[in-house]
Amino acid sequence: MGAITRAEDFYRPPPTLDPAAWDGDAPAERVIRWTEHHQQRRITTDPAAQAGELYARINHSRWVADCTCGSAQIVTPADPRMWCVVCGAGWWSLVFPADIDAVEESLAALPVIERNWWAVADPVFPTLEV
Ligand SMILES: [Zn+2]
């Protein structure tokens, strides 16, 4: 695990299962297994459903992406896509920075709460300008 938490670090099987139980699932799909277990419901996905493009960002030392429905989940550059487990909009394609290691390294010495990063090109990049 690097300095920044990724989906495959966070969405782990519960203690009642073998720790390797979800190793066969793609990293972007582990949130689906995790949500099914914690919310005790089935989530269906459609491989052909494409939702569009979202920028990944770092929030409190976690790679996250924000769905247009207002939900967010932890994501990973190892599998840059996201199925929103709240609204099921489709598979979002995620944009990560070209040099992920450099971005993570630039935050590594900061306290967890200050490890935040946004892509400047992200249309929802926060600004203090009015
Ligand atoms: Zn959503």
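Read-outs: derived from the displayed coordinates by stated rules, not from any lab. Bear in mind the structure is a predicted one, so any value in this text is a computation, not a measurement. Methodologically, a virtual Cβ is constructed for each residue, glycine included, from the backbone with ideal geometry; neighbour enumeration extends over all protein chains shown.
Structure above, values below:
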| item | result |
| --- | --- |
| Neighbour-count order for ILE32, ILE4, fewest beta carbons within 10 angstrom listed first | ILE32, ILE4 |
| Rounded tilt (10° steps) of 30-39 against the dominant C-alpha axis of the chain | 60 |
| At 0.890 mPa s and 25 °C, Stokes diffusion of segment 1-49 via Kirkwood alpha-carbon radius, µm² per second | 208 |
| Distance cut-off 26 Å, percentage of C-alpha pairs in the chain lying past it | 23 |
| Long-range amide H partners of GLN73 with built H, under 5 Å | ALA65, CYS67 |
| Relative packing of 42-53, 94-105, which averages over residues the other C-beta atoms within 10 Å, highest first | 94-105, 42-53 |
| Burial ordering of SER106, SER61, fewest other beta-carbon atoms within 10 Å first | SER106, SER61 |
